[in-house]
1. Does at least one position in segment 29-45 carry a residue that is over 17 Å from the mean Cα position of the chain (by Cα), at pLDDT below 75 and open to solvent by 60 Å² or more (accessible area, probe 1.4 Å)?
2. Exactly one of (1) exposed (fewer than 14 other Cβ atoms within 10 Å of the Cβ); (2) within 30 Å of E34 (Cα to Cα) is unmet by A137. Its number?
3. Quick one: how many residues across segment 109-142 are in a helix (DSSP H, G or I), at pLDDT below 95 and farther than 17 Å from G62 by Cα?
4. Look at segment 60-109 and say how many of its residues are under 30 Å from K164 (Cβ atoms) and open to solvent by less than 40 Å² (accessible area, probe 1.4 Å).
5. Filter segment 140-172 down to residues that are of a type in the set (V, I, T) and crowded, with 17+ Cβ neighbours inside 10 Å, then give me how many there are.
6. Cβ-Cβ below 6 Å, separation at least six or inter-chain, first residue in segment 1-17 and at pLDDT below 80, second loosely packed, with under 10 Cβ neighbours inside 10 Å: which pairs?
7. Would you mind stating whether N112 is under 14 Å from I52 (Cα atoms) and among the polar types (S, T, N, Q)?
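The values are calculated or read from the model by the stated rules, or taken from the named source; none is laboratory data. Predicted model only: the values in this text are computed from it and were never measured. Please note: Cβ atoms are built from the backbone with ideal geometry, for glycine as well, and neighbour counts cover all protein chains shown. With ligands, DNA and RNA removed, areas are computed over all heavy atoms of the protein, side chains included. Shrake-Rupley method; radii C 1.70, N 1.55, O 1.52, S 1.80 Å.
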Amino acid sequence: MPKVTIARISTALGILLLVLVGWRAYLGTASLIEHEQEMGRDHEIIHALDTILIYVQHAETGQRGYLLTGNEAYLTPYEYGVSSLQDALDTLESLVVTDPEQQASMQRLRRNIDAKLAELHETVVARKSNNAEAALAIVNTDEGQRLMREIRADQGDMEAHQQKLLSQRTQQANLKRSHALSLLVGSIAV
């Protein structure tokens, strides 16, 4: 074979190799970016879950203070928690839309929060009507305490599920980074 043909074949193989390595690097980078975005969403979900629990606790704290004192200044955290919860729940719901397991958990969480808010509202209304005994009777049913246990359990289960996904995605992203580095080193050597 003439030298020109061997040179052309070598050049063509070199170009083909570079194209293949480049394509593989592109696919690996795109996959890594996707994993990073999913991990970011996992962090957002965990943050939203923590925020929701804080808002419920604000509402409950304000309700307790008001029931004990009758001082409407104690309703500030109650009103803040109640007014903030709907947006926080909607945000969380939009973040878990692609996860059927989390959607089912979200429905339970929302149902329990709605019931808790109804219980809090009922006691506040009773106290505002100067009927502290009726408010206390509602509290003494322990329904509010049961609902808070359910809310904490729902929130904890959802957070544990998301932490597990985050851990898996982190391992996958680390593996993809390792493969990308190996591909880079290998292509430089070639």
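1. The answer is yes, given that some residue of segment 29-45 is over 17 Å from the mean Cα position of the chain (by Cα), at pLDDT below 75 and open to solvent by 60 Å² or more (accessible area, probe 1.4 Å).
2. For A137, the failing item is (2).
3. 3
4. Step one: of segment 60-109, the residues under 30 Å from K164 (Cβ atoms) are 60, 81, 84-109.
Keeping just the survivors that are open to solvent by less than 40 Å² (accessible area, probe 1.4 Å) gives 60, 81, 84-85, 88-89, 92, 95-96, 99, 102, 105-106, 109.
Number satisfying all stated conditions: 14.
5. Here is the first cut: in segment 140-172, the residues of a type in the set (V, I, T) are 141, 151, 170.
This time we only want the ones that are crowded, with 17+ Cβ neighbours inside 10 Å, so: 151.
Going through segment 140-172 one residue at a time, the tally reaches 1.
6. Matching pairs, first to second residue: none at all.
7. Yes: the conditions hold for N112.
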